[in-house]
Amino acid sequence: MSQHAIYADHSATTPVRPEVVAAMEPYFTLQYGNASSVYQIGQDARHAVEEARRKVAKALGAKSREIYFTSGGSESDNWALKGTAMADFLRTGRKGRIITTAIEHHAILHSLDTLKKFGFQVTYLPVDKDGYVTPDQVEKALTDDTILVSVMMANNEIGTIEPVGQIGTMLRQKGILFHVDAVQALGKIPIDVSAQHIDLLSLSSHKVYGPKGVGALYVREGVDLPSYIDGGGQERGMRAGTENVPGIVGFGKAVELATMDLDKEAERESALRDRLIDGILNQIPDAVLNGPRFDRLPGHVNFSFPDVEGESLLVLLDLKGIYASSGSACSAGSLEPSHVLTAIGRDKETARGSLRLTLGRENTQEDVDKIIEEVSAIVKKLRNMRAGF
């Protein structure tokens, strides 16, 4: 990245913090042992894995034995949904119902597509204009064959924070399992799996300034979840495969650092976010903010610009050294409009003219002002070109 470039796509991924790199480095070189080995460097690796597990658990208000390391958020989502469905089928012989929302991450939606092919039922709840689903909606959708409800804690495209605590409380009273995709929420807003009555929760390292290729699944003690990868006895027999010790160590360190200054950094990024929203809405005629004005993730904004093609906007921003996205990083390059934006009522043309800007630790007020200036100029240019001027 050039010296003057502005990275504004932290919901896609984050740079690894220097402290995280330093924590990982010994496990690539001197302490390279297999965590399943009985000799000293193997046991050193085992200790490091368990220390990382403790750090992740602490950040969630969970027990260490309830944390299972995975390759990332997508694997965790797949395991939670498919594992729950399989466990219930093996126990009861039924192919039950899973309830979710229309704006979930593709790791959820595509996992459910697979389960539907095997005969499981899925209910997709609509959201309001700001992307919210209510506990009352969830409760009314419950049926006798409901085996799981999956609602993301915060939306990856528009930043909406869902009322998962209220939903979890209601579901716990009814004895129905609750899964939460918290990939975007970790390190940005507080998470307490006990207070929020969450049974399964998915996490990813690279969204919190940790390494890519590692994540975790929280499984509440007592929840029946079969192993997802068969083989050796790693992760207490629940996920086979030699542990990614450096990655796990880095994940643990990143979570520890993120939760240590969560409130302070959230306040700082929220102020930058609000400055960005005000600037764009004031400078660009007909700009539309997607998602709620205030109750959203710190540093997270999403706009639609009528009569502007989103991909062209991204290319021109790139030329100015500003890195952003048009929505989910996992669907970048797709010609289809965002399912999240259409779910909140945007027409396909408006949805295609979207821009997601997600700020992080290194962004400054000067960055925000530069983004406002460049986005305003580019949107005006693209609209004039479209109009034939």
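The values are calculated or read from the model by the stated rules, or taken from the named source; none is laboratory data. Note that the structure is a prediction, hence the values are computed from the model and not measured. We place every Cβ from the backbone using ideal geometry, glycine too, and count neighbours over all the protein chains shown. Only protein heavy atoms, including side chains, enter the accessible area calculation; ligands, DNA and RNA are left aside. Shrake-Rupley method; radii C 1.70, N 1.55, O 1.52, S 1.80 Å.
Over region 217-355, give the accessible area per residue in Å² for a 1.4 Å probe, as an integer. Before the final figure, lay out the partial values.
Details: 6040 Å² over 139 residues.
That works out to 43 Å² for each residue.
Surface composition of the chain: carbon plus sulfur atoms contribute 53% of the solvent-accessible area (1.4 Å probe, protein chains only, all chains present). Probing with 1.4 Å while keeping every protein chain in the model, the per residue accessible area of region 1-124 equals 47 Å². When each of the peptides 151-158, 115-122, 16-23 is scored by the mean number of other C-beta atoms lying within 10 Å of its residues, the order from highest to lowest reads 151-158, 16-23, 115-122. Global dimensions of region 202-321 from alpha-carbon coordinates: Rg and Dmax equal 20.4, 59 Å. Given the options ARG46, ARG172, ARG236, which has the most mean-square fluctuation in a GNM of the chain, springs set between C-alpha atoms less than 10 angstrom apart? Of the options given, ARG236 has the highest mean-square fluctuation.
Of the cross-linked pairs LYS253/LYS370; LYS63/LYS253; LYS116/LYS174; LYS129/LYS207; LYS58/LYS264; LYS58/LYS174, which ones have a Cα-Cα span greater than 22 Å in the structure shown?
Beyond 22 Å: LYS253/LYS370; LYS116/LYS174; LYS129/LYS207; LYS58/LYS174.
When shorter helices are ignored and each DSSP H run of at least 4 residues is given -39500 (n - 2.57), the per-residue value for the chain at 222 nm works out to -13000 deg cm²/dmol. Dividing the alpha-carbon radius of gyration of region 1-156 by the rule-of-thumb value 2.2 N^0.38 Å gives 1.36.
For LYS381, the lysines whose Cα comes closer than 16 Å to its Cα, not counting residues fewer than 8 places off in the same chain, are LYS320. The antiparallel fraction among DSSP beta bridges confined to the chain stands at about 50%. Straight-line cross-link partners of LYS117 among the lysines, defined as a Cα under 21 Å from its Cα and at least 8 positions apart when in the same chain: LYS82, LYS95. Using only the alpha-carbon atoms, how far is helix 106-117 inclined from the longest principal axis of the chain? Give it as 0 to 90 degrees, nearest 10. Helix 106-117 and the main axis of the chain meet at about 60 degrees. Match the structure shown to one of the listed values [x] 36, 27, 17; [y] 33, 23, 19; [z] 38, 21, 19 of semi-axes √(5λ) of the Cα gyration tensor in Å, computed from it, and give that label. It is the one labelled [x].
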